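*Asks:* The following block contains the structure, expressed as C-alpha cells.
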Amino acid sequence: MDESQTTGQGTDLPQIFQDWFAERGWQPRAHQLDLLARAHSGQSTLLIAPTGAGKTLAGFLPSLIDLYREDGLRRKPGMAFFGPHTLYISPLKALAVDIARNLEAPIREMDLPVTVETRTGDTPAHKRQRQKERPPDILLTTPEQIALLLADKNAERFFNQVKTIIFDELHSLVVSKRGDLLSLGLARLFRHAPEITTIGLSATVANPQDLQAWLVPQNREHGEVSEAGLIEITGGAKPDISILETEERLPWAGHTALYAIDNIYRQIKEHKTTLLFVNTRFQAELLFQELWRVNEDGLPIAMHHGSLDVGQRRKVEAAMGTGSLRAIVATSTLDLGIDWGDVELVIHVGAPKGASRLAQRIGRSNHRMDVPSKGILVPANRFEVLECKAALDANYIGAQDTPRLHDGALDVLCQHVLGMACAAPFQADDLFAEIKTAAPYADLPRATFDKVMEFVATGGYALKSYERYAKIRKTEDGTWRLTHPRLAQQYRINVGTIIENPTLLVRMTSRKNGRVGRGGRVLGKVEEYFLETLEPGDTFLFAGQIVRFEGIRETEALVTKSAADTPKIPSFAGGKFPLSTYLAQGVRNILSDPKTWNSLPDQVAEWLEIQKARSVLPGKRELLLETFPRADKHYLIAYPFEGRLAHQTLGMLLTRRLERMKARPLGFVATDYALGVWCLRDLSSMIRRGELSLDALFDEDMLGDDLEAWLRESFMMKRTFRNAALISGLIEKRHPGKEKSGRQVTVSSDLIYDVLNEHEPDHILLQAAWVDASTGLLDIERLGAMLKRVKNHLRHMSLDRISPLAVPVMLQIGKEPVFGSADEMILAEVAGNVSPLDDLIEEAMRL
Amino acid sequence: MALAEIIQDEVPLGSVRLTLMGQSFVALPEGVLYWPDEATLIVADLHLEKGSSFARKGTFLPPYDSRATLGRLERLIKSLQPARIIALGDSFHDVAAANRLGTDECAVINLMQQGRDWVWVSGNHDPYPPEALGGRACDELSIGPIIFRHEPMAGAKGEIAGHLHPCSKVRGRARSVRRPCFIEDGTRAILPAFGELTGGLNICNDAFSSLFEQPDAICIHMLGDRQIYSVSPSHCRPDRRG
C-alpha cells in the first residue's frame, strides 16, 4: 500500500482530531484512516507496518474517536458498573507503561473524556481491586492479567462492554505459549462481548494469514478459515546495512566479536546515537566492558538487559529518552517496540540468526519511515560472516523467515480449563465449542479435549484412583464445577505460561578481615544454572563490572569488588535462537558457489579456498561428512547448518547408533553450523571396509525407535516436561520467598516423568511435552526435514587430518556442554581428564 | 546362580563393598544394602502411597508409585533371596497410607514376606508400621555390632539409618549431576531413599556434617544407572538452594 498522506477530510476523522493533526503539522496517514474506517464498520484488522509508521496511534485512533463521540452516552448516571471500552494487550509490561505515556499527550491536548490505566503484575493490589470495580475506558495490560480477570467470578460483567481489543507486537505473542493462552482468553472475550473488533499490530512476517486467523473466531465445521482484514505497509526506504569491515584477524569460533572493538568504537564516535544489539546478556556485559576500556573520549555508553536491577534499567531508559546517551548495549529486552528516540545507527554484534529478526532490530534506527535505517553487522566468527552475508542478501530482497504457527499447546489448555471453572460452572460441550473458535485450537479433537478435562479433574490417569479428590466434578445439572474455592486461589497464584529459570539476586558486599559482609547494593539477578558453573573466588562480569563470587547466602549470590583484569568467560554464550532455515539455506548457497566468495572478507575466502583444496565444499542439497583421526581419537564432522538444537538431537541419535555399530563413540559437540562426534575406532577404515554405512547411519528411521528410547532419558525432554507440568498445574510453581528450606517437600518433575514414562507413556502431559520438544529444545521437526533432504545426498570425505571447515566446531570441544557424556559420563569423568586440543588451526590450514 | 551366591565370593558388577564396624556389606546400584553374612537386605524410605497422599491435597502425582517401588523391591528379592528384609522406616508416606494400598500391592508385599523375616522399623512418617500387612514392627533393631534405626543419631557407632534421603551433586565440565547416594565413614552409613517420587537432601547440608565426625573418612557412593560411582566428598557440591 502506498504511504500517501491525506488531510483526513471526508473521512471518519472528527474535526477536533483533524485540528489536532494540523496543529502539529502532521497529516493522518492513509493506513491510519483505512484502519479507522474498517474498525468503525466492525471489521477486525491486522496492521503490518515497520517501526516508525505510526502504528500505535493507528491502533488507538478508532477507540479515541469512539469514546469522544460516545461521551455522556456511555456513563449514564445511576449505572452501577461500566466496563472498559478498549483493551490493549502487549507482551511487555514496559510497553504498556510506555504506551500509557504516549496516549496521555493526545488525550490531554484534545481534552478527550478518556481514562487510561495500566494493569500488570507490578500494579499494587489495592489498585487492581479498584480497577475491578471502576475500570478505565482503556485498559493497557498483559496476557496474564487477561487470564486472571477472565477467571474472576465477575468476568462477564467486567468485559461485556468491550468494543475493541488491540494486540501489540502480535508477531511475537503468537509464537509462544502466552499467545496460546491469550487466544483462549480471546475466545472467551468474544463470548462475553460478541461484537468485539480486534486490531492486531505486527512487524512484517512471512505468513500474515496465520495472524489474520488468530484475530477472529474460527468455525472449521466446513473447513474454512476465517480471517481478519489486512493492511500492510511495505513502503519506506530500504535499510542500509553492511558487514563491518576490519583489518583484524577474524576469529574461528566464539561469540564475543571482541576483535572488532576498535572498529565498533569508531562507529559510535561517528554517529549521534548508536544502539548495539547482542544475543545474550553475557555478550552485552563483555561488549560494554570492552567498550569502556577503549572509551578514551569518555562517551556516555550505557547497557540494558533484563537481568539488571529495575531501577538501573529505568535510569538508562530515561537517559535514552532524553537523548543524553551516545550508545547503548542491549539484549532482546529492547526488541519490541519501545520508543527509544533518535537512534542513528544500529550495530548488530554476533549473527542475527534470522532475516526477519534482523529487519526488526535494524528498524530501531531512524524512527522515521522515509529515511533509511542504517545498520552494521559484526560477525563474531567466520561462519557468522557467511550467516551475516546470507542475512544481508535476504534483507535486500525483503525475504521474511518468521516461523509458521503451531497448534495450541495442551498444557496451556489444561490451565485454561481450570481457569474457566474458577469463573463459573460450565457445560463441557459449550466450553469445547468455545475453545475451537480460538485459531490455535480450531482443529482440536474432542477426544483430546476430554483427556484434558480428565487431567484437570483427577490427573488424567488410566488408573482411576483419584476420583474422590477431584478438582472439578460434574454435578447433577450436567455442569462442571470447582470442588473447593481454595483451588481458585491456587489457580491465581500459578497463572501464566512463563516459566522463569530460577534466579538469585546478586548483591555487592564488602570483605572485612577476610569475612564477607552482609549488606550492600543489589546489582540485579542471575540464573542459578550460571552460578553452578562458578566456584567461590571465580570472577565474572555483571552490571558492567568484574565481580568476585563469594558464595550463596539463602537466595542471594554475594559478590565483592574484584581487582581482576579478565573475568571468566562463560562457556555457553551463543544465545538461544537457532539459525533460521532460510538463512541456513543461504549459507549453504554461499558455500557451494565460489563465485559469491569475492564479496567475503579475504580471510574467509581463503579459509574456504583451502577447504576446497583439502576436502570439499558441500553442494546446495548435500550434507558433507568428514572423518579424520586426531590424537588417539577419530572424528566424524557433519555440516547440516540446522541450528544447535537440531544438531544436539542428531548428535545424541548418532552416538547411539555408532555405539550399536561398534564404533565406540565417546561424545559429541554441536554448534549452529556443524556437529562433531568422536570415537575410539577408526571411522574412515570402518567405512572403507563396509563395516559402517553412512547411509544407514543417517537414515530417517533414526527418528523412530532410537529417538523414543533416547527421549526417555533425555534431560532436555525432562526440562520440557517440567514446563508442561508447571503450566498445566500438575505441580505448583516456586514462588520467590516461599521456597521450602531444608528437605524438599515438593516433588521433582523428573521423578514424575520417570514414573509416567514407565507406567503411562501415553499420558496427556507426556504427549504435550513431546510436541513441545519436537519443535523446541530438540527441534525434531527440523532434523526430520534435513534427513529427508539429504537422503542420497551424503558427501563423505575421508581425510588424514582436520579440515579447515572443521576447526570452529573442534574448538568448541570442552567449551560447550558435551552431550555424549550424558550424566553417566560426567560421573565417570569426575576423576578423569580431557586432553586439550591445540595447534588445530595450523594443522587444518596446512596445504 | 543367585546374585546372593555371587556376592559371597565377589562384588557383583556395578556394586561396591563397604565395611562398617568390621562387617562386610555390599551397596547395590539399586540403592539398597546387602549384608551377606546375615543374608539380610536393607532398604530405606519406601514412602508407599506418596502419590495418593499428595492427591488428597489436589496435586495429582502419578498413582503408580507404590507398585513401581514394590516392583523394584520384588525384583531385588528374587535375585538376592535374602532371609531377612529390614525396611528402615518411612515405609509408608502417612499413617493412613497402608489403607490406601491396592489389593495387588498388598499381595506383592505378602508374597515377598513368604519364608522371610520382615522387619518394619518405624519412622517419622509411619510411627506405627501396620503389622496387619505382615512382618514385625520395631523402633530399632540390633544385630551384632550393627544397629538399625530410621533417623540417624549424633555420635552413634555401627548405625545404619535412612530418613535423610542423601543425594550428592558433582560437576561435569558443562553441568552438574545430582543423584541419590550412600554416605558412610566405616562406622556408620545412611542409605538413599528407595521409594519412587522421593526427593533428596544434599550431603553438603549441615544435617550430615553433625553425624560424620571424621570428614576425611567419609565416602560417597552415588547411584548411576547400572553401577555405583564412589566419589570423594571434595568433589561434591552443595545445592544452590533449598
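The values are calculated or read from the model by the stated rules, or taken from the named source; none is laboratory data. Since we're looking at a predicted model, the values are computed, not measured. Because the Cβ atoms are built from the backbone with ideal geometry, glycine has one as well, and the counts that use them run over all protein chains shown. Just so you know, the surface numbers come from the protein's heavy atoms only, side chains and all, with ligands and any DNA or RNA stripped out. Shrake-Rupley method; radii C 1.70, N 1.55, O 1.52, S 1.80 Å.
*Asks:* For labels at A:Glu224 and A:Gln18 in the simple 7 Å Cα→Cβ model, what's the distance in nm?
*Replies:* Modelled inter-label distance: 3.8 nm.
*Asks:* Same structure again: Relative to the first principal axis of the alpha-carbon coordinates of chain A, what is the inclination of helix A:446-458, with its axis defined by its Cα atoms, in degrees from 0 to 90 and to the nearest 10?
*Replies:* Value to nearest ten degrees: 90.
*Asks:* Mind giving me the FRET efficiency for A:Arg688 and B:Asp225? R0 is 45 Å, r the Cβ-Cβ distance, nearest 0.05 is fine.
*Replies:* 0.85
*Asks:* Grab the other residues whose beta carbon is less than 9 angstrom from that of A:Lys374, score K and R as +1, D and E as -1, and report the net.
*Replies:* On the way: positive: none; negative: A:Asp240, A:Glu344.
Around A:Lys374, the charge tally is -2.
*Asks:* Do any residues of the range B:185-229 show a loss of at least 50 square angstrom of accessible area between the isolated chain and the full protein assembly, using a 1.4 Å probe, and if so which?
*Replies:* B:Leu197, B:Tyr229
*Asks:* OK, next. Starting from a Cα-only point model with no solvent, please compute log10 I(q)/I(0) by Debye for the range A:503-561 at q = 0.12, 0.20, 0.23 1/Å.
*Replies:* Here log10 of I(q) over I(0) equals -0.22, -0.65, -0.88.
*Asks:* Let me see the P(r) profile for the range A:15-232: every Cα-Cα distance counted, bins of 10 Å, each bin given as a percent of all pairs.
*Replies:* 8, 35, 39, 16, 2, 0
*Asks:* If you don't mind, another one. Please work out whether the range A:186-329 counts as rounded, prolate or oblate from its C-alpha gyration tensor, where a ≥ b ≥ c are the square roots of the eigenvalues and a/c under 1.5 means rounded, while otherwise a/b larger than b/c means prolate and anything else oblate?
*Replies:* In terms of gyration-tensor shape, prolate.
*Asks:* In degrees between 0 and 90, to the nearest 10, how far off the longest principal axis of chain A does helix A:261-270 point, with axes built from Cα atoms?
*Replies:* 40 degrees
*Asks:* Further, regarding this structure: Starting from the Cα of A:Arg660, step 7 Å along the direction of its Cβ; do the same at A:Asn102; then give the gap between the two resulting points in nm.
*Replies:* That separation, rounded to one decimal, is 5.5 nm.
*Asks:* Figure the gain on full extension for A:Glu708 and A:Ala125 (residue separation times 0.36 nm, minus the Cα-Cα span) and round it to one decimal in nm.
*Replies:* On the way: separation 583, 0.36 × 583 = 209.88 nm, distance 4.68 nm.
Net length gain for the segment: 205.2 nm.
*Asks:* Give me the Kirkwood hydrodynamic radius of the range A:240-396 in Å, from all C-alpha pairs, to one decimal place?
*Replies:* By the Kirkwood definition, the hydrodynamic radius is 15.5 Å.
*Asks:* Related question: Give me the tail of P(r) for the range A:404-472 as a percent: Cα-Cα pairs with distance above 20 Å.
*Replies:* When all Cα pairs of the range A:404-472 are counted, 28 percent exceed 20 Å.
*Asks:* Same structure again: Under a no-solvent Debye model with one identical scatterer per Cα of the range B:107-242, what's log10 I(q)/I(0) at q = 0.18, 0.19, 0.21 Å⁻¹?
*Replies:* Normalising to I(0) and taking log10 leaves -1.07, -1.15, -1.30.
*Asks:* Also, I was wondering about something else. Would you check the accessible area of A:Lys272, probe 1.4 Å, heavy atoms only, in square angstrom rounded to 10?
*Replies:* Surface accessible to solvent at A:Lys272 totals approximately 120 Å².
*Asks:* If you count, for each residue, the other Cβ atoms within 10 Å and average over each peptide, how do A:806-813, B:141-148, A:617-624 line up from highest to lowest?
*Replies:* Order by mean packing, descending: A:806-813, A:617-624, B:141-148.
*Asks:* Which order do peptides B:67-75, A:684-692, A:668-676, A:606-614 fall in by mean Cβ count within 10 Å, highest first?
*Replies:* The most tightly packed comes first, giving A:668-676, B:67-75, A:606-614, A:684-692.
*Asks:* Could you compute the net charge surrounding B:Leu28? Neighbours are other residues with a C-beta less than 12 Å from the C-beta of B:Leu28; K and R count +1, D and E count -1.
*Replies:* Cβ neighbours under 12 Å give a net charge of +3.
*Asks:* Label A:Ile498 and A:Glu781 with points 7 Å out from Cα along Cα→Cβ: what is the distance between them in nm?
*Replies:* Going from the A:Ile498 label point to the A:Glu781 one covers 2.4 nm.
*Asks:* OK, next. Hey, got the average number of other protein chain Cβ atoms within 10 angstrom for residues in A:459-467?
*Replies:* Whole-number average of other-chain Cβ neighbours for A:459-467 is 5.
*Asks:* Shifting gears a bit: Please give the charge dipole size of the protein assembly as shown, origin at the Cα centre, charges +1 on K and R Cβ atoms and -1 on D and E Cβ atoms. Round to the nearest 20 debye.
*Replies:* Around 1520 debye, computed over the protein assembly as shown.
*Asks:* Averaged over all directions, how much area does the convex hull of the C-alpha atoms of chain B cover when projected, in nm²?
*Replies:* 13.3 nm²
*Asks:* Given a 1.4 Å probe and no ligands, DNA or RNA in the count, how much accessible surface is buried by B and A, both sides, to the nearest 100 Å²?
*Replies:* Result for this pair: about 4600 Å² buried.
*Asks:* Nearest 0.05, what FRET efficiency do A:Arg468 and A:Glu732 give at R0 = 30 Å with Cβ-Cβ as r?
*Replies:* 0.90
*Asks:* For chain A, take N as its residue count and report Rg(C-alpha) divided by 2.2 N^0.38 Å.
*Replies:* So the Cα radius of gyration is 0.99 times the expected 2.2 N^0.38 Å.
*Asks:* Right, another one. Quick check on my link table: of A:Lys451/B:Lys50; A:Lys561/B:Lys169; A:Lys436/A:Lys471; A:Lys93/A:Lys315; A:Lys55/A:Lys436, which ones sit more than 20 Å apart, alpha carbon to alpha carbon?
*Replies:* Too far apart for the 20 Å limit: A:Lys451/B:Lys50; A:Lys561/B:Lys169; A:Lys436/A:Lys471; A:Lys55/A:Lys436.
*Asks:* Roughly to the nearest percent, how much of the accessible area of chain A is carbon and sulfur, given a 1.4 Å probe? Mind dumping the intermediate values first?
*Replies:* On the way: 17130 of 34720 Å².
Result for chain A: 49 percent of the exposed heavy-atom area is carbon or sulfur.
*Asks:* Relative to the longest principal axis of chain A, what angle (0 to 90°, nearest 10) does the C-alpha long axis of helix A:410-423 take?
*Replies:* With both axes taken from Cα atoms, the answer is about 20 degrees.
*Asks:* What's the whole-number percent of alpha carbon pairs in the range A:363-509 lying beyond 26 angstrom?
*Replies:* 53 percent
*Asks:* Would you please state which residues of the range A:106-136 a label at A:Asn160 would reach in this model, taking the label point 7 Å out along Cα→Cβ and a backbone N cut-off of under 15 Å?
*Replies:* From the range A:106-136, the list is empty.
*Asks:* What FRET efficiency comes out for the pair A:Ile841/A:Leu680, r = Cβ-Cβ distance, R0 = 35 Å, nearest 0.05?
*Replies:* Numbers: r = 25 Å, r/R0 = 0.71.
In this case the efficiency is close to 0.90.
*Asks:* While we're here: What's the extension gain from A:Phe82 to A:Ala564 if we count 0.36 nm per residue and subtract their Cα-Cα distance?
*Replies:* Length gained, A:Phe82 through A:Ala564: 167.4 nm.
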